[in-house]
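Read the structure below first, then the notes.
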Amino acid sequence: NSQYLAKTFRRVNAYVRPDWVVYLGDIFDEGLSANDQEFQRYFERFNKIFTYKNQGQHSIVIPGDNDVGGECYGDKQPILRERFQNYFGRIIALYHQNDVQFLKVRFRRN
């Protein structure tokens, strides 16, 4: 129930008062099979559940395999990755320099 999730999130958020909230993938169970209209509805539901009263808070939303493919569906599907970025913004990029991997993260202000 989304009302219960929203209420629980508000309580935990008010108690902990974090500066950052990180969503670690698989934001939508149906992300791979959702058409654009369904995806928009899921995104609006996500934003209704995870709202912030503290404007100083930041969030990072990392896409998972249920959002953009990758586990059972081969490589990440570019069209799904692009759709996810259109809604949540480009938030991560992995690049290599010498023998070191860097994860570049952008955040969105709520």
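Of note:
- With a simple spin-label model that places each label point 7 Å from the Cα along the Cα-to-Cβ direction, the separation between Gln3 and Asp36 comes to 3.3 nm.
- Other residues lying with their Cβ under 12 Å from the Cβ of Arg41 contribute a combined charge of -2, Lys and Arg counting +1, Asp and Glu -1.
- Cut-off under 5 Å, modelled amide H: who pairs with His58 long-range: Trp20, Val21
- Anisotropy class of the range 10-50 from Cα gyration tensor, a/c 1.5 cut: prolate
Bear in mind that the values in this text are calculations on the coordinates, not laboratory data. Source: prediction; values computed, not measured. Neighbour counts are summed over all protein chains in view; Cβ atoms, including those assigned to glycine, are modelled from backbone coordinates with ideal geometry.
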